[in-house]
Structures are given as C-alpha cells and as structure tokens.
Amino acid sequence: MSQSPLAIKTDNVGRIYKKKAAKRVSRASSPDSSRQLVALDGVTLEVEKGELFGLLGPNGAGKTTLIKVLTTLLTPSFGSAEVLGYDVVREPKAIRERINMVSGGETSGYGILTVKENLWMFSQFYGVPTKEAHRRSDELLARLELTGMKDTRVSGLSTGERQRMNFCRGFITDPEVLFLDEPTLGLDVHIARVTREFTREWMRKNPERTVLLTTHYMAEADELCDRIAIIDKGRVLACDTPENLKRMLQAQPVFQIRAGGLSESGIDGIRSTTGVIGLTQEFDLETSHHSLNLILQEESVISDVVGAIGAAGGKLVGLEKHEPTLEDVFVKLVGRSLKEDVTE
Amino acid sequence: MRSISPVRLFFKTVHARAVPRMIGMKREPSWIFLEILVPLVNTTAFVYLYRALHAPEAYVGFVILGSVLSAYWMNVVWAMAMQLHWEKKEGMLQLYVLSPSSLMAILVGMSYGGIVMASWRAALTLIVGLLLFNVHFATDQLPLVFLVFGVTLIALYGLGMTLSSLFIRWGREPWHLALAFHEPAFFLTGMNFPLSALFASVPGVISLISALLPISFGLDALRQLLLPGTIVGVFPPMTELWLIAGLAVLFLTTSYISLKFMERQARVEGTLALRLS
Amino acid sequence: MTSLPKLHRFNSTSLEHEWRTFRIAAWLGWQVESNWTVPIVFFIYAILRPISTALILLLMYIVIAGNHRGEYFDYLYISNALYLIVMQSIANMSWTVLEDREHYRMLKYIYTAPVSLFAYLIGRAVARLSIGISTSVLLLTVGALWMGLHLSLLSVQWGWLVTYFALGIPVLLSFGIVIAGLALVITRNGEFMGEIIASMLLLVCSVYFPPDILPVILRKLSLAMPVTYWLEGMRRALAGGLLRYSAAMGGRPISPRLALYSNSDLAMILACFSVVGVTISFFFYRWIEGVAKARGMIDRITGF
C-alpha cells in the first residue's frame, strides 16, 4: 500500500473534450476553442485520508469529469492526478484495486440475476472471498432496507431499488477511496436519509477510508462533508470546511425579503442596486409573493433595497436577517443558486 | 482483497462473469427456441436442398458438421463480439473497467457461458444428424478430432475477443456489423460445401480471408477426419491443425493488444461511460 | 378555450389522417434503416448478406451439378431473391414493434398520439419492404449478368408478375402484422419471433426445394402456406414458365405437386389468401393490442 498521506491529490488537472479524438495537450498551446469543450480547467486539490470531501457545483461545472479522471475512466488532457499516491494515467490498476464508485441515478445490473447474485458477481471482480461477499451483502442490504428484495431479480426492482442495490455495490468491496457521484439523486426522502446516515457510519467505523462526494443538495453537503470545494466552469472557486466557507460571508449580511407585486424587471432593478452582491429569488404560487435572498456589502444597503422594492411597485411583506448558509456562499461565488440547476 | 494474486483474480472473475449466463440459461429457457430450433430448421433446409439436387448422402454430413461449428461462430459474434457494446449501453462497461479485473477475464467468463450454450445446440444438431438423417461418422481418429475441435475453439474465441474491441469502436448500431458476419462468414468458411470448392472458385485474396477464419480449416479438417474419402481437403488434417494453432496464437495476442488499446483510447476520448440511445 | 386551427385538428377516422401517419411512418422507417451509416456502407451492407447467400447456394449447386446451370439453379436463385421480400415484410415487423418499445422507447408515445398504430406499422414495414424489393431486384440482376441465371426482360411474364406481386404483398404484410402482435405480448426474446417464423417459412415454403420432397406433415403444411403459392407464381412469371429438372434428370417439373396449378389457379388462391389474411390480421391485431394494454405491455421494458 502507498505511504502517501493523501487520498487524492490533483495538480492543475484539466480535461478538454474535442469533437475528434482528444489528445493530451499542453495548456500553453492554443487549440481551436470552437471545436472543444473545457470540462475541467486546472483543478488543484488535496484530500486527506479519512476525509469526507464534497464537490459542489452547478450543471456542467466539471464534477463528474473530475470523478471520471480520478477513477481512471478518463485520461486528463493536462496536469496530473493521484489517488492514494498512484498516478491515474500510469498506475490505473493499482488505483482500481483500492477504489469504487457509485453514480446517482445508476440502474445498472443484470436483470436475470437476483440482487444478491449481482452483488456477489461484482465483489468477485475485486477478489472478495465468496463467504465474505455474502456476509457483506447481507449487512449492506439490511442497512439499505433491501433485505426483503435480496432474492428478487433485478428486472423486477423499481428504479429506486436498483439505485440502492448499486449503492451497496459501491461499499461491498470495502474501498479505500469511494467516489459517490450524486448518490441520493432521485431517491425518496427517507432512503436518501438512510444512505447519508450509512455513509457517515461507515466513515466512523473505518476512519482510514475516504469519500469524495458530489451533490446538488446543499444540506447534504453541509451535513456530511468535512471539507467542500465549490467548482464552476471547471475551476475550483473555494475549498474549505463548511463553517469556514460560511465565515467568508460574516462581514456581508444576508437578508431574506418577502415582497408582493414584483415583476422580473423590478427584481433586476433590485439586483443592480449599489451594494447588492448576490440575489436569488423564489416565487410562492400560493401567496403570489417573491422570496428574495440578498447578500449585501454592508447592513446599511438594506434601506436602498427597500426603496428599490417600492420604486418597482412592490409591497414589502417580510424582512429578516439570517446567518449565512452554504447556499449563500455558493451564490456569492457562482452568481446563481444551485436550485436553479437540474441534474448534471 | 488487495492481497489476491492476479491469476486468482483472473479465475474468480471468469467464474463470476460466467455465472449470469448459466443462470440465464436456467431461468429463461426460451433461448432453446432461438438457439436450437432456428439453426436446426435452417440446417434441415440445407439438407433437403442437397437431397433435391440428388447429392450423395455424405453431403448431409457436411451440412451437419457445418451447423455444429456455426453454433460456436454465432455465439462468438453475438455473445462475445457484441457483448462489450451491450455492456457499455447498459452502463456496465465502466464498472468493469473500474474494477481491478482485466476485460479479458470478463470476456473469457462470458465465453465460457456461451460455449456451454453453443455446445447444447451443437450436440442437438449432431443427434438430429445421426438419428434423423442417418449420417455416419468415422470414429477411428477421435483424439485428433477432439484436438482439432478444441484448437479451433481457442482460435475462434480469440478472434471473438479481438472483434469485441473492434465492435465497440464501431459506435452506434453495431448489430448491423454483427449481422454482416453471418452469411458472408458462412460462405467464406464453407459451412455448407467443401472448402476446396471455394478455394477453386474465388480469387486468392478471398481464399486468404477465408483461411484467416479459424472455422474454415477447422471444419475442413473435421470433415476429412469424420467423413473420410468423401471430400478432398485443402490440406491434410495435420497441416490444417498447425494452421489453426497458429491462428489461435495470433488471435489471443491480437485480442490482448486490442483490448488494451480499446480501453486506452476510450479513456483518452472519454467514451467509456457514454450511454448510447 | 380557443379552438385549434382546423389544419391541426385530427379526425382519427379520416383516410387523410391514416395516409399522413402511413407516410410519416414510412419516412421514419427509412431513416431508421439507413441513417446509421454513410450511404455507401449501407449499400454494401444491404447487398452483402444476400449476395453471400446467393454465392453459398451457387457453390452448393456447383459441387453437385457442375458448372452447367440447369433450371434448378434458376428455381433456387429466384426463390432466394424473393425470400428477401418475405423476410423483410414478415420477420421484421415484429422487430419494429420491439425496437420502438424497448430500444427507442417511443411506442408508448406513438400509442398515446392520435394516430392509428396499424397505419403506423404498415408505414414502417413499407420502408423495410422497399429495401427488400430493391435488394431482390439487384440480386436478380447480378444473377442474370454474372452467375448464369436464365432471366431476360423479354421472357418475363410481366402481367402475371404484377398480378402475383400485387396479390402477395397484402398477404405478406398481414402475416407480418400478426407476428408483430404476438411480439407485443411476449416478454422475452420477442424480437426473435420474426426470425423463428422466417426460418420455418424457409423450410416449408418451397424456397430452396419443392414441397414434394418434404415428409407428409411438412408437405401438407407447405401447401397450406400462401407464401408457397406466391413464390411459385413469382418464379414462373420471372422464369417465363414452369421450371423443370434437366433432361438428364427426367425433365419433370421441379415440383410436380405445384405444377398441377395453372397461373390462374395460383392467382385465385392468392386472392383468397389476401382477403382472408387482411381481415384476420386486422381483427387479430385489434384484439392482441387490447391484450397488450390489459397486461401493461405497451411500455414494458423487458431488457432484451
């Protein structure tokens, strides 16, 4: 086993998709930008062993591309990346012995096999002894509330049940580094909570194991992750603990305003008020009120905002100051809310 | 997990990947219709054609032996060459690549299940030939017959593994390519007529392509050994055995290289996880 | 609510609408069949398999009969070319249903659209049928030019050819519709229904050999199949008359049993099969569609 203290290390790693076969290119070269897509643009990260590390980003930010590079499914176009001290390009085999991955929404599996047979089959590709594989699958299935389905053929499972089976598949090989790419995507609230609890429990029982998690759910990232990297357009915008990230906004007050009678142009007017750093909005169909979340340069700006609401023909219904959330940090860094995105 | 030897991991993977095929055969017996009934009916049609042409009865034996080997050919094309494409389509290929096992082990596992399936079909074809059409095979050189048969299968499945990496590069709708391997291959391998008739009628380059398909000389040698005196082989059976052995070495090597190449290219191009629809 | 412009309003019983569905389905069928590759590859692919089968038959014939092409070769070659049309119309319609349901996953949307599935299926089948007919013509041309097939434009009985063709196509499509209906309710391996039926037809419909040499049960089955009569009629029309064994082999008709029927008899038999076939297939399809709906098979993914 590698003596590297780091589970994951990337150094200026990037990935460019070309219409034709991609080649490893130097960043210094200037390829024709109209025929390429920069999915990952020089990401530098260090994840220590035992960390539950989160990647937050909107659609197309490069989260899944980074996971593909780290899981050796995709060669980087430039830069370097290591998992457990092994280079993703030169030593893929050493990495594969030590990792596993679960993708959200993944419904793979042989329909003709039962849940338990599918899990056993995958465990064999990692050399897990059969007896141990059965013990682990029983444990995982019980934990994910799938015991009753263990002898059901995969073709007879619902989409959510298939996802849960794949979640078990990720853990059955007891990987040193586990990549969870949107693991709770599409799961119902209860099962999503069970998977989160299980992940935390697994990390607690196995303090040397590392998880890299991508998610759209702020609360999930806030609840689970030791550290979070916010990524957009292939670049890391910030990387710290959730608390430290939120502390970034301590000097900048966050207000929530509810107002009626606002038009889109009126909201644009509020957004352009001097001193407004970030604004996200939601519309409540029931009350016909807009809920505006504002990050301000300083507290005194709020009076200008209230004035702008009046000028736009809106009626103030409620106003409150609150502690910054990860969502606010995200809005400040990316410029829009994650809620405005759908799955990547 | 991390301490397992590569050889042990290879065989564990072969076993694990063979199991779904075996279970599938048991749980979905409808394959019997497709894998056995259709080929048997087609074989019977060719038998009657020879009878309608008033051909010597030995030709019925030719057709039966051709049908036996065609079972393995079909299995190689559909259950092996096409398999990586299907796995990719179902999102499984990336999980295989992600695992420490080799793709070769996974393909060997698939082929093991496939060989069992094809053997059922081959055995039934032989039984029908012997009982229904009264074919008589010579049995005095059986060890050599089994040797030729075994080496032919190794070469054939080596070719299948090479084709699987070729098919996956084809992209969309590769079953068109698979279908194009039916009749042309049946023609080039002399599945229903003596290979010498083909070699005498076609340009050298076609004969060369034919010689590269392991079934051609395998079938020609088996016909000479099991139906002696009825046909003139292209070469004596022993020479053909050496040629097939050469093909086995060649295709096992090309399959190893091409699978490695396919995986590397797919990682560079980012197509391993692509779902086709 | 404001009404839609008249142009966009559907009247599901109107012939015009059925025709539109048919036309669009035929266009879609052609796109699905041909646009997976560049035209030249498609052409090679479309002709490669039939030519290979023709070459197999040619070599089988040569190893027995030598290089002289007797009328049996014409029988064999013409039947094989026409069998392509049978395959495309009968075998592939079931494939269309399953391809739309499971691969493209569009059947449910077509089903819920205000179109007739029957017209849609016929439209899709026409694309395949046109490919079958073109390949068949190409194969006959290749045979006449390079393989020693006795076929000349002057000797073809054009009137009978058109008659048999026109009477046979509805029979073939009806057959295809029935198989497609069955494929709709079969959970696994349904996509191979067509292949299974096509191979049975190869055995019993006088494609490579006359029904006379089959065992009694299969012979009776052969004589109950419309395809047997269609192939016989088409063979006669293309070859310019009844096909016979060479003088050295007695000079008797290749199928004494089918030789009992005159051209008019064959046309009459096919006309009867056409009427019965179309009627049965229409009602059968409506019934089986109901079964599929009751079992929830219209949008079932069986994962073939």
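Numbers below:
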| quantity | calculated |
| --- | --- |
| Search result, residues across the stretch B:1-16 that are open to solvent by less than 50 Å² (accessible area, probe 1.4 Å) and hydroxyl-bearing (Ser, Thr, Tyr) | B:THR13 |
| Identity of the residue in the stretch A:263-283, hydroxyl-bearing (Ser, Thr, Tyr) and surrounded by 15 or more Cβ atoms within 10 Å (Cβ to Cβ), that ends up nearest to the chain's Cα centre (by Cα) | A:THR280 |
| Residues located in the stretch A:104-139, provided they are among the polar types (S, T, N, Q) and open to solvent by 50 Å² or more (accessible area, probe 1.4 Å) | A:THR130 |
| Condition met for C:LEU214 (at the interface with chain B (Cβ under 10 Å from one of its Cβ atoms), more than 30 Å from B:TRP175 (Cα to Cα), among the aliphatic types (A, V, I, L, M) and open to solvent by less than 10 Å² (accessible area, probe 1.4 Å)) | yes |
| Members of the stretch A:81-103 found to be open to solvent by less than 20 Å² (accessible area, probe 1.4 Å) and out of contact with any Phe, Trp or Tyr (no Cβ under 9 Å at 6 or more places or on another chain), listed by number | A:ALA81, A:VAL83, A:LEU84, A:ASP87, A:VAL88 |
| Candidates B:GLY229, B:GLY270, filtered to the one that is at positive phi and more than 14 Å from chain A (Cβ to nearest Cβ) | B:GLY229 |
| Residue match in the stretch B:30-43 (condition: under 16 Å from the mean Cα position of the chain (by Cα) and among the hydroxyl-bearing types (Ser, Thr, Tyr)) | no |
| Whichever residue in the stretch B:17-58 is assigned to a loop (DSSP other than H, G, I, E, B) and surrounded by fewer than 17 Cβ atoms within 10 Å (Cβ to Cβ) and, among such residues, is farthest from the other protein chains (Cβ to nearest Cβ) | B:GLU57 |
| So A:VAL102, is it within 13 Å of chain B (Cβ to nearest Cβ), among the β-branched types (Val, Ile, Thr) and out of contact with any strand residue (DSSP E or B) (no Cβ under 6 Å at 6 or more places or on another chain) | no |
| Qualifying residue in the stretch C:246-262 (condition: open to solvent by less than 30 Å² (accessible area, probe 1.4 Å) and either part of a helix (DSSP H, G or I) or within 14 Å of chain A (Cβ to nearest Cβ) (or both)) | yes |
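So that you can scan it fast, the table gives a plain yes or no per residue for (1) within 15 Å of B:LEU95 (Cβ to Cβ); (2) more than 12 Å from chain B (Cβ to nearest Cβ); (3) modelled with pLDDT of 90 or more:
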| residue | (1), (2), (3) |
| --- | --- |
| A:GLU106 | yes, no, no |
| A:GLY111 | no, no, no |
| A:VAL115 | no, yes, yes |
| A:LEU140 | no, yes, yes |
| A:ARG143 | no, yes, yes |
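So that you can scan it fast, the table gives a plain yes or no per residue for (1) modelled with pLDDT under 95; (2) in contact with a Cys (Cβ under 6 Å, 6 or more places away or on another chain); (3) within 14 Å of another protein chain (Cβ to nearest Cβ); (4) farther than 30 Å from A:PRO92 by Cα:
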{"site": "B:SER196", "(1), (2), (3), (4)": "yes, no, yes, yes"}
{"site": "B:ALA221", "(1), (2), (3), (4)": "no, no, no, yes"}
{"site": "B:GLU240", "(1), (2), (3), (4)": "no, no, no, yes"}
{"site": "B:THR253", "(1), (2), (3), (4)": "no, no, no, no"}
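Quick grid of which residues meet (1) facing chain B (nearest Cβ under 8 Å); (2) closer than 22 Å to C:ALA125 by Cα; (3) among the polar types (S, T, N, Q); (4) buried (at least 23 other Cβ atoms within 10 Å of the Cβ):
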| site | (1), (2), (3), (4) |
| --- | --- |
| C:PRO39 | no, yes, no, no |
| C:ALA46 | no, yes, no, no |
| C:ILE51 | no, no, no, no |
| C:LEU55 | yes, no, no, no |
| C:LEU59 | yes, no, no, no |
| C:TYR75 | no, no, no, yes |
| C:ILE85 | no, yes, no, yes |
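The values are calculated or read from the model by the stated rules, or taken from the named source; none is laboratory data. These numbers were taken from a predicted model, which means no experiment stands behind them. All Cβ positions, glycine included, derive from the backbone under ideal geometry; neighbour counts span all protein chains shown. Ligands, DNA and RNA are stripped out before the accessible areas are found, and what is left, the full protein with its side chains, is counted by its heavy atoms. Shrake-Rupley method; radii C 1.70, N 1.55, O 1.52, S 1.80 Å.
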